[in-house]
Amino acid sequence: MAETNHARRFVTIWLVCSLVALPLVIFVLGPILPPGKASAEASGQVTDNTVLLAMATPVLLLVVIYLFYAIIAFRQPKGGVLEGPAVRGDARLQTAWIVITSVLVLSLAAYGTIRLEQGYGAGSGNGPTPLVVPKGPKLQVQVIAQQWAFTYRYPSYGGVETTHLELPVGQTVELHVTSIDVIHSFWAYQLGIKADANPGVDNIIFVKPTTEETFEIHCAELCGVWHGYMYDHGHVVSQGAFETWIHQQQAYFAPATKVLPPYAKTYTPEPTRRAE
Amino acid sequence: MSNTGRKLFGVIAAVAAVGVLIGLYVATWATSQPAIVVASAAPPSSGGSQLTLETVAAIGPKYSPSHPDWVSYLVRRNGKWVRSTVYQVPANSVVHVTIYQYDGDSGLRNPFLSQVQGTVGGTETVDGKTTRAIPPEEASHTFIIPQLGVFVPLPGVAEEAKNQCEFAPCEGTAHRTITFSFRTGKKGKYRWQCFVPCAAGFIDGFGGPMQTFGYMDGFINVV
C-alpha cells in the first residue's frame, strides 16, 4: 500500500479551509467589527481590523488544523509503544518558515505605519505636535478631564465651556485633550478615538464624524473611585443643529465664561488652600 | 482516617475557611455603604420632597472616630444629623434642598463649575439672595449630580467670620444657607460628588474624604 503523503493531505485541507474561511471573515465578519462607521477614523479601524483578521485567519487555521491532524493521523496505535521516525532538520523548511513569517510581520509593520500616517494618527492621540495634520479647516474642541467628569471648551466660540460634547457631521475636528488634575483618558467609542488626558500635556486627536448619531464617552485610565462613572453621551448633529446648540450654550454659560481663564492648550490650576 | 484522607480533609477545611473569610469581607466591608436616608415630604405649598444637608470642615470624633478631621456632608433625619451620603427621593418629582454650609472656602479647580446648572430656574439662593453663579475662589464645596445635570456651587464662610464651627454637628455657628430645587426623572441610581478639592492634606485635594462613601460623595436613589 502506498504510504500516505501527510504533507500533501494536510496542505490540501488547510487550503480548502482557508478558501472557505477568508471570504467569510472579509465579507461577513469584517463589516460588523468594532468600533463601527460613525467616523472616518472608526471606518479605518474596521478596515484595519478586517485586514489583520484576514491575515491571521490562515495562520490560525494552519496551527489548529495541524493540531487536530496530528492528533488523528499520528495517534499511537493499540499495542506496543512504537518509536517514531528520527526527526532531522530541513533547511528548506526552516528557511521558508523564517522568510514567510518575516514577510508577514514586516508587511504588517509597513501597513500599520502607512495607515497611521494616512489616518492622521488613526484615532489615537498625537501629542502636542502631530507628525501629519489634515488639510483644510478644522473645528477645535478642547477636552478637559477632571475628577470625575469631562468638560469641553470651544475656543472659536468665545471659549465657552460645556458639560456635553456635540460635533457637526462631515467636519474635521481637532480635539485637544488635557487634564487639570490626575491622568485620565478620553475614549469616544463609536467615533473610534482615544487619547490620554495628562496634566500639563496637550494631546491632539483628529476625527471626522460621518454620520449623525449618539456616541459613548468613557474615561479609559483609572483615576479614582468614580472612574467607572466618568462617562457621558456625545452627539454628532447636522451643521445647522450644531450652530444652534453652540449659540445656546454661549448664552446659557455666559456667567461661567466670564470667570474662565483665557483659552490655553493646558491649564495649571493654582494649588488650593487644602490640597498638597 | 488514613494519612491521605486527613490531608485532603485539611485542605478542604482550609479552602472553606478562606472562602468564608473572603465572603465575610465582601459582604460586610467591601460592599458596605452608608445608610440610605429618605427625603422627607415637603410642605403641601411647595410639593415634592425635602432634603436638608450640612457641610462641615471636620466631621469630628462623634461621627467618625477613625477620621475626625475629614470634611464631610451630613443629612437631617428625624430632627437629627446623621453622616450619610445616600439619599432616596421620588421619581418624576421636585426635590427641595437646603444646605447649611459651615466650611471655609477652598476655591474651584475648574471655575466653570461656579455657575448653577440644572436646578429649577437655573439658580440657587444664598443667604436669601438668588444667584446664577458664585465667584469661583469663594467655593467651599459643590453638590453635583452629573447624570442629572445638576451643578450647585456652595460658597464658603468668610475666613474672618467669628464663631466658626469646629466639629459636627454644627448648630448656631457661622454658616451660609443655600437652597435650590431640582427635578428627578425616571428611577435610577445617580452618583453625586463634591468637585472642590477640599480634602486637606491629600494629593490634589481629592483623596481621603473625596473618595470615601459617606463623606463628600454618594448616591441619589430615585425610586
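With the structure loaded, tell me whether A:THR257 is assigned to a loop (DSSP other than H, G, I, E, B), hydroxyl-bearing (Ser, Thr, Tyr) and closer than 27 Å to B:MET216 by Cα or whether it fails that test.
In short, no.
Being in a strand (DSSP E or B) and within 14 Å of the chain's Cα centre (by Cα) is the filter here; which residues of the range B:190-223 pass it?
B:TYR190, B:ARG191, B:TRP192, B:GLN193, B:ASP217, B:GLY218, B:PHE219, B:ILE220, B:ASN221
Here is a list of conditions, (1) of a type outside the set (Ser, Thr, Tyr); (2) part of a helix (DSSP H, G or I); (3) under 26 Å from A:SER107 (Cα atoms), and A:ARG9 meets all of them except one; can you say which number that is?
(3)
Is it the case that A:GLY136 is at positive phi, within 14 Å of chain B (Cβ to nearest Cβ) and in a loop (DSSP other than H, G, I, E, B)?
Considered against the rule, which asks whether it is at positive phi, within 14 Å of chain B (Cβ to nearest Cβ) and in a loop (DSSP other than H, G, I, E, B), A:GLY136 comes out as no.
Any residue at all in the range B:196-208 that is modelled with pLDDT of 95 or more and within 14 Å of chain A (Cβ to nearest Cβ)?
Taking every residue of the range B:196-208 in turn, none turns out to be modelled with pLDDT of 95 or more and within 14 Å of chain A (Cβ to nearest Cβ).
Take the range B:100-133 and flag every residue that is within 19 Å of B:MET216 (Cβ to Cβ), more than 13 Å from every other protein chain (Cβ to nearest Cβ) and in a strand (DSSP E or B).
B:TYR100, B:GLN101
Condition check ((1) more than 9 Å from chain B (Cβ to nearest Cβ); (2) over 23 Å from B:PHE151 (Cβ atoms)) across all residues:
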{"site": "A:HIS184", "(1), (2)": "yes, no"}
{"site": "A:GLY192", "(1), (2)": "yes, yes"}
{"site": "A:ILE205", "(1), (2)": "yes, yes"}
{"site": "A:THR214", "(1), (2)": "yes, no"}
{"site": "A:ALA220", "(1), (2)": "yes, yes"}
{"site": "A:TYR229", "(1), (2)": "no, no"}
{"site": "A:GLN239", "(1), (2)": "yes, yes"}
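Has the range B:153-171 got at least one residue that is without any contact (Cβ under 8 Å) to a residue 60 or more places away in the chain, surrounded by 22 or more Cβ atoms within 10 Å (Cβ to Cβ), touching a strand residue (DSSP E or B) at 6+ places or on another chain (Cβ under 9 Å) and within 12 Å of chain A (Cβ to nearest Cβ)?
The answer is yes; a qualifying residue exists.
Tell me the residue from A:THR101, A:THR129, A:THR163 that is at pLDDT 90 or above and within 14 Å of another protein chain (Cβ to nearest Cβ), please.
Exactly one of A:THR101, A:THR129, A:THR163 is at pLDDT 90 or above and within 14 Å of another protein chain (Cβ to nearest Cβ), namely A:THR163.
State yes or no: is A:SER18 over 28 Å from A:GLN190 (Cβ atoms) and surrounded by 15 or more Cβ atoms within 10 Å (Cβ to Cβ)?
Criteria met by A:SER18.
Do we have A:ILE246 as more than 8 Å from every other protein chain (Cβ to nearest Cβ), assigned to a strand (DSSP E or B) and farther than 22 Å from B:PRO135 by Cβ here?
Considered against the rule, which asks whether it is more than 8 Å from every other protein chain (Cβ to nearest Cβ), assigned to a strand (DSSP E or B) and farther than 22 Å from B:PRO135 by Cβ, A:ILE246 comes out as no.
Yes or no: B:ILE145 within 13 Å of chain A (Cβ to nearest Cβ) and touching a helix residue (DSSP H, G or I) at 6+ places or on another chain (Cβ under 7 Å)?
The answer is no for B:ILE145.
Can you tell me which of A:ARG88, A:ARG115 is assigned to a helix (DSSP H, G or I) and of a type in the set (D, E, K, R)?
Selected residue: A:ARG115, the only one of A:ARG88, A:ARG115 that is assigned to a helix (DSSP H, G or I) and of a type in the set (D, E, K, R).
The values are calculated or read from the model by the stated rules, or taken from the named source; none is laboratory data. Fair warning: this is a prediction, and the values are worked out from it, not measured in the lab. Every residue, glycine as well, gets a Cβ built from its backbone with ideal geometry; the counts of neighbours run over all protein chains shown.
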